[in-house]
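Below you'll find the structure, written out as structure tokens, and then a few comments.
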4 protein chains.
Amino acid sequence: MSEIFSQRHLVQFYETDQMGIVHHSNYLRFFEEARVAWAHAHGILDYQKPESAARFAVLSSRVEHKKPAVFGDVLWTEVQGFLDGGRVRFEYQTWRGPQESRELVAQGETVHVAMTLDLKPTRPSKELLSLLRRN
Amino acid sequence: MSEIFSQRHLVQFYETDQMGIVHHSNYLRFFEEARVAWAHAHGILDYQKPESAARFAVLSSRVEHKKPAVFGDVLWTEVQGFLDGGRVRFEYQTWRGPQESRELVAQGETVHVAMTLDLKPTRPSKELLSLLRRN
Amino acid sequence: MSEIFSQRHLVQFYETDQMGIVHHSNYLRFFEEARVAWAHAHGILDYQKPESAARFAVLSSRVEHKKPAVFGDVLWTEVQGFLDGGRVRFEYQTWRGPQESRELVAQGETVHVAMTLDLKPTRPSKELLSLLRRN
Amino acid sequence: MSEIFSQRHLVQFYETDQMGIVHHSNYLRFFEEARVAWAHAHGILDYQKPESAARFAVLSSRVEHKKPAVFGDVLWTEVQGFLDGGRVRFEYQTWRGPQESRELVAQGETVHVAMTLDLKPTRPSKELLSLLRRN
């Protein structure tokens with residue numbers, strides 16, 4: 001598994017719905033933000049070569065909602081990657097508030113498979129494998 | 001459990017991402033469209049009283065992706081509701097193409113709890129219970 | 001200019017914000033739905049060749065909001081295309097309610113330029129020109 | 001008019017479309033992020049009282065696209081507020097790249113009116129007026 005990486009997100013007005021809370025579909029976007037930031041921080045996602053992100057298909061996702069998040073909340077999503085057969089699994093925990101009194105807002109998981117440029121499943125790159133085997 | 005209900009969705013350009021396929025976060029929106037249409041068709045969601053929709057929180061979701069969907073695809077999402085303790089669970093299958101040769105694009109589940117106006121968990125309404133016990 | 005074309009949209013829960021109304025960014029999406037449906041209905045947009053939609057860049061947009069739209073509203077967006085030098089301009093009116101008592105919810109405009117596959121500006125296709133010169 | 005305020009946005013994968021660029025509807029969201037951050041920085045928007053943001057309706061918007069933005073771009077949106085009769089107008093310029101060689105990606109405008117809690121137009125608050133008259 002990889003190290004734990006943490007990514008900040010300030011909840012925007014346009015992410016709320018008429019319940020006055022963050023619409024649940026946005027958590028998959030917060031998870032993606034954290035996963036992409038982790039990959040970029042470790043040099044395995046090159047923004048200048050967008051195919052490096054595109055070549056990574058989502059097979060499944062799961063989200064559990066613990067507390068509603070609201071407009072203006074500062075959320076921190078922790079992400080950790082695991083090698084799972086030929087697949088890559090990420091686990092997420094989205095927290096609100098300062099470290100010492102933080103609350104769990106949501107947690108979840110996404111499972112991915114690396115793809116060739118013509119969208120056939122392939123093995124993760126050496127660099128990715130190395131990161132996932134670090135701990 | 002309820003009867004199966006099916007809802008059409010034409011994939012929009014704005015639902016695609018740079019992989020050229022529907023961004024995975026949209027499937028939770030397609031599921032919501034189907035769930036809402038089912039509730040409205042059975043008279044348990046009144047658009048004129050938006051609190052009737054708001055009072056139904058999402059506890060968890062799960063999506064499995066079987067085939068990518070693309071711009072212009074006509075998708076049909078089948079939804080079926082189940083009573084699960086005090087919770088309500090919906091199962092979804094999103095299909096593409098004509099009935100006789102349709103392909104499964106995605107399947108998943110969302111779990112909900114009814115809420116009072118001040119966002120405390122409560123029991124599902126009698127009308128909802130009756131629909132979920134129909135079969 | 002082209003004929004007027006009208007496209008239906010049922011307002012979804014995920015399109016609302018915490019004001020309890022449709023978030024204003026969605027109107028550009030409703031306009032796109034109408035524009036794409038018009039182009040598809042006239043055979044100048046082929047869903048199976050997604051580059052036919054991609055090769056049409058947005059240069060500018062303008063939206064005026066007349067009435068808020070809410071969850072469950074049935075909106076009809078009328079779109080009409082105009083040739084404007086080498087550019088194509090679409091004008092939109094988004095209405096709510098039955099024809100005889102309909103209310104104007106929003107109106108606006110988008111301006112586009114045709115692009116080659118490598119994203120250089122080019123002239124509109126003959127088929128598009130022919131549609132825009134129909135009236 | 002107010003001082004110029006600048007807000008950072010890192011372009012996310014979920015903000016791209018199948019043209020491989022940021023979908024044009026997102027610029028209204030980037031503008032909102034900048035406007036909200038400005039209002040919050042000056043103490044006239046209280047995240048804990050969401051009605052302070054909600055009570056500010058969008059009357060119109062306008063966006064001009066100068067360059068496409070892509071996944072991973074760091075964008076800075078400059079926002080400046082103006083008093084315009086009883087209305088408040090914001091002007092935006094969205095830039096990419098370092099200050100000395102930055103490129104203009106988009107520019108635009110939104111016009112707003114303050115609303116009472118029951119959604120009737122009213123005058124801007126004293127605090128907002130004072131900010132808009134600063135320069």
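The values are calculated or read from the model by the stated rules, or taken from the named source; none is laboratory data. Note that the structure is predicted; figures quoted are calculated from it, not measured. Cβ atoms come from the backbone with ideal geometry, glycine included; neighbour counts cover every protein chain shown. Calculation scope for accessible area: heavy atoms of the full protein, side chains included, ligands and nucleic acids excluded. Shrake-Rupley method; radii C 1.70, N 1.55, O 1.52, S 1.80 Å.
Mean residue ellipticity at 222 nm, helices only, chain C: -5500 deg cm²/dmol; runs of at least 4 DSSP H residues each add -39,500 (n - 2.57), and the sum is divided by the number of residues.
Roughly how tilted is helix A:26-41, in degrees to the nearest 10 and between 0 and 90, from the longest Cα axis of chain A? Once rounded, the angle reads 50 degrees.
Below 12 angstrom from the Cβ of C:V113, what's the summed charge of the other residues (Lys, Arg +1; Asp, Glu -1)? Overall, the nearby charge balance is +4. Take D:E103, push a point 7 Å out from Cα through the beta-carbon direction, and compare it with the same point in every other copy: 3.6, 4.4, 4.4 nm, smallest first. Net charge in the neighbourhood of A:F31 (other residues with Cβ under 13 Å of its Cβ; Lys, Arg +1, Asp, Glu -1) is -2. When you restrict to C-alpha pairs under 8 Å that are six or more residues apart and normalise by the size of the range D:30-135, the relative contact order lands at 27 percent.
The spacing between the range B:101-115 and the range A:1-54, judged by their C-alpha centroids, is 23 Å. When nucleic acids and ligands are ignored and a 1.4 Å probe is applied, B:E3 ends up with an accessible area of around 80 Å².
Surface analysis of the protein assembly as shown yields an accessible area of 45 Å² per residue, using protein heavy atoms and a 1.4 Å probe. Its residue count N fixes a reference of 2.2 N^0.38 Å for chain B, and the Cα radius of gyration divided by that reference is 1.09. Accessible area buried by the pairing of B and C, both sides summed with a 1.4 Å probe, works out to roughly 1700 Å². Stretching the chain fully between C:E78 and C:E127 yields a gain of 15.6 nm (0.36 nm per residue, less the alpha carbon separation). Solvent-accessible surface of protein heavy atoms, probed at 1.4 angstrom with all chains present, puts A:T122, A:T16 in the order A:T122, A:T16, largest first. Computed across the range D:2-50, the Kirkwood hydrodynamic radius from all distinct Cα-Cα pairs reaches 12.4 Å. Considering only C:A69, C:A41, C:A106, the Gaussian network model of chain C with Cα springs below 10 Å gives its largest mean-square fluctuation to C:A41.
Placing a label point 7 Å from the Cα of A:S130 along the Cα-to-Cβ direction, the distances to the matching points in the other copies come to 5.7, 5.8, 6.6 nm, shortest first. Ranked from shortest, the separations from the 7 Å Cα-to-Cβ label point of B:K49 to its equivalents in the other copies are 3.1, 5.3, 5.8 nm. Of all accessible surface on the range D:1-105 at a 1.4 Å probe, what whole percent is carbon and sulfur? The value for the range D:1-105 is 48 percent carbon and sulfur by accessible area. When the residues A:L10, B:L117 are ordered by accessible surface, computed with a 1.4 Å probe over the protein chains alone, the sequence from largest down reads B:L117, A:L10. Taken about its Cα centre, the protein assembly as shown carries a charge dipole of roughly 0 debye when the Cβ of each Lys and Arg holds +1 and the Cβ of each Asp and Glu holds -1. The shape of the protein assembly as shown comes out rounded: with a ≥ b ≥ c from the C-alpha gyration tensor, a/c is under 1.5. Compare the Cα positions of D:Q12, D:P68, D:A41 along the charge dipole of chain D (+1 at Cβ of Lys, Arg; -1 at Cβ of Asp, Glu; about the Cα centre) and return the one farthest towards the positive end. It is D:A41.
Summing Cβ point charges (Lys, Arg +1; Asp, Glu -1) relative to the Cα centre of the range B:1-111 gives a dipole of roughly 120 debye.
For chain A, set up a Gaussian network in which alpha carbons nearer than 10 Å are linked by springs, and say which option among A:S61, A:S125, A:S101 fluctuates the most. Among A:S61, A:S125, A:S101, the largest mean-square fluctuation in the Gaussian network model of chain A belongs to A:S101.
Here the average projected area of the convex hull drawn through the C-alpha atoms of the range B:9-89 stands at 6.5 nm². Dividing the Cα radius of gyration of the range A:85-135 by 2.2 N^0.38 Å, with N the residue count, gives 1.58.
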